[in-house]
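Visitor: Okay, here's the structure, questions in a sec.
The values are calculated or read from the model by the stated rules, or taken from the named source; none is laboratory data. Note that the coordinates shown come from a computational prediction; the quantities given were computed from them, not determined experimentally. Note: ideal-geometry Cβ built from the backbone for every residue, glycine included; neighbour counts use all protein chains shown.
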């Protein structure tokens, strides 16, 4: 079973303080870029893998989706998600993405945001997702960027001329990385971008768009801390079709 | 017209000393990975964009290609390529990839190795390549990796614990980069990997494989200097089909 850091109280409490937790999708700077990659959701069947508080599930229903399922490994996350809606078109289920079984051709969109870097191997899940999509159905995912995940110890350094750089090392040494994001010892998996894209293609997907997300000038003006996302990408957004 | 650094005598002389110049494809550590991405070349029509000394053109003929064309911007490179073969199935042409016109559906494989990072914009060339391929035909390309090209000044640094890292900055600031590789003031263009992949898809290509090349254990044992390619990729190999 996957590490379930979200049920760690310190992590859960820290997560609750993030802008994307407090303000939902509008607190996630990459949301406009994700929206540009989503298909029209009217009357669609949607599943969100790693749904957290359910912000995307509620958004999909607001955009006209017929039925939305949110799956998460964390009971705490699902409890909060259930508190936030009484919409009968949304249902939440406990599930481990490492061993997820999905019905055949049951969805038009599979969505997964900042979750796949917790999985040691993408192939089983991508195979499950592919068979669960209608032909022509979409997978839209975001995951931590390998430039961000690769270093054995993540961090910036500043050279003698004041240029800030992200220290990239061990890019081709894929596998476990321990970070101390919100709590100590958070286990994630580093994969090259090629590995992720090739896994999608091997599972039968046609790639449609790859966005190594960076902030706009307007976003940096509003939130100066985002400027560091120009120096190196922290996440990558991918859309693909069955 | 593109910068033609290869006709600079200092650059040309330096280039002539590289293992990949002296020993051809066997001197290029990524060659085995490229071969794994190539289609069967028997009886195929092939064009190499940025052919240099013509190593790939001769290899394609040896692999059974019916006809091979090599295109390069450098008269010096083409003169050397012509010295190295009298095969009537290979022809060499002077051409600028920034304004290349190609006949319709005339090729089964378009190949381009470590050339596209000299171009300010990929879209016109990719459109020209797409229409020049047979349906089902292949484009196999290699280009400098954006992790390698992004910094305003390329280089390594070593932290207090001896970990060597590549300094990544300005990843999302696409455009010109000046390097001093073999000669001063070599002009290249930095693009994110997403930009390159999206340009391929926008031109009509289906992506087939993305390899951010890294060395094998055996290659590092034979050539210890390759170990740094584990820390950060220097090039990316992409195959795509019309």
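Visitor: Would you tally the residues in the stretch A:63-75 being surrounded by fewer than 19 Cβ atoms within 10 Å (Cβ to Cβ) and not in a strand (DSSP E or B)?
Guide: Qualifying residue count, the stretch A:63-75: 4.
Visitor: For the stretch B:146-182, which residues satisfy the criterion of being touching a residue at least 24 places away in the same chain (Cβ under 8 Å), under 16 Å from residue B:196 (Cβ atoms) and facing another protein chain (nearest Cβ under 7 Å)?
Guide: Scanning the stretch B:146-182 gives B:147, B:171.
Visitor: Which of the residues spanning the stretch B:9-25 are assigned to a helix (DSSP H, G or I) and under 16 Å from residue B:85 (Cα atoms)?
Guide: Correct list: B:21, B:22, B:24, B:25.
Visitor: Quick check on residue B:130: is it over 21 Å from the mean Cα position of the chain (by Cα) and either closer than 30 Å to residue B:109 by Cα or modelled with pLDDT of 95 or more (or both)?
Guide: no
Visitor: Also: Could you tell me which residue of the stretch A:191-209 is surrounded by the fewest Cβ atoms within 10 Å (Cβ to Cβ), considering only residues that are more than 7 Å from chain B (Cβ to nearest Cβ) and not in a helix (DSSP H, G or I)?
Guide: By that ranking, first place goes to A:204.
Visitor: Scan the stretch B:155-171 and tell me whether some residue there is in contact with a strand residue (DSSP E or B) (Cβ under 9 Å, 6 or more places away or on another chain), part of a helix (DSSP H, G or I) and modelled with pLDDT of 95 or more.
Guide: The answer is no; no qualifying residue exists.
Visitor: Continuing with this model, one more query. Considering only the stretch B:29-45, how many residues are under 14 Å from residue B:114 (Cα atoms) and free of Cβ contacts under 8 Å to residues at least 60 places away in the same chain?
Guide: 1
Visitor: Does any residue of the stretch B:115-124 turn out to be within 13 Å of chain A (Cβ to nearest Cβ) and over 20 Å from residue B:240 (Cα atoms)?
Guide: No, the stretch B:115-124 contains no residue that is within 13 Å of chain A (Cβ to nearest Cβ) and over 20 Å from residue B:240 (Cα atoms).
Visitor: Can residue B:181 be described as surrounded by fewer than 17 Cβ atoms within 10 Å (Cβ to Cβ) and under 18 Å from the mean Cα position of the chain (by Cα)?
Guide: Yes, satisfied.
Visitor: Check residue A:48 against each of (1) in contact with a helix residue (DSSP H, G or I) (Cβ under 8 Å, 6 or more places away or on another chain); (2) more than 22 Å from residue A:9 (Cβ to Cβ); (3) crowded, with 22+ Cβ neighbours inside 10 Å; (4) without any contact (Cβ under 8 Å) to a residue 60 or more places away in the chain and name the one condition it does not meet.
Guide: (4)
Visitor: Out of B:124, B:135, B:120, report the one residue that is within 20 Å of residue B:44 (Cβ to Cβ) and surrounded by fewer than 21 Cβ atoms within 10 Å (Cβ to Cβ).
Guide: When all the criteria are applied, what remains is B:135.
Visitor: Right, something else. Which numbered condition trips up residue A:237, out of (1) part of a strand (DSSP E or B); (2) surrounded by 14 or more Cβ atoms within 10 Å (Cβ to Cβ); (3) at the interface with chain B (Cβ under 8 Å from one of its Cβ atoms)?
Guide: The one condition residue A:237 does not meet is (3).
Visitor: In a helix (DSSP H, G or I) and modelled with pLDDT of 95 or more: which single residue out of A:60, A:42 fits that description?
Guide: Only one candidate passes the filter, namely A:60.
Visitor: Okay, moving on. State all residues of the stretch B:78-97 that are part of a helix (DSSP H, G or I) and either at pLDDT below 95 or within 18 Å of residue B:129 (Cβ to Cβ) (or both); if no residue qualifies, say none.
Guide: The answer is B:97, and nothing else.
Visitor: Restricting the search to the stretch B:210-222, which residues are surrounded by 17 or more Cβ atoms within 10 Å (Cβ to Cβ) and either out of contact with any strand residue (DSSP E or B) (no Cβ under 7 Å at 6 or more places or on another chain) or part of a loop (DSSP other than H, G, I, E, B) (or both)?
Guide: Of everything in the stretch B:210-222, those that are surrounded by 17 or more Cβ atoms within 10 Å (Cβ to Cβ) and either out of contact with any strand residue (DSSP E or B) (no Cβ under 7 Å at 6 or more places or on another chain) or part of a loop (DSSP other than H, G, I, E, B) (or both) turn out to be B:212, B:213, B:214, B:215, B:220.
Visitor: Scanning for something surrounded by fewer than 15 Cβ atoms within 10 Å (Cβ to Cβ) and away from every other protein chain (no Cβ under 11 Å), does the stretch A:224-231 turn up at least one residue?
Guide: Yes, the stretch A:224-231 contains at least one residue that is surrounded by fewer than 15 Cβ atoms within 10 Å (Cβ to Cβ) and away from every other protein chain (no Cβ under 11 Å).
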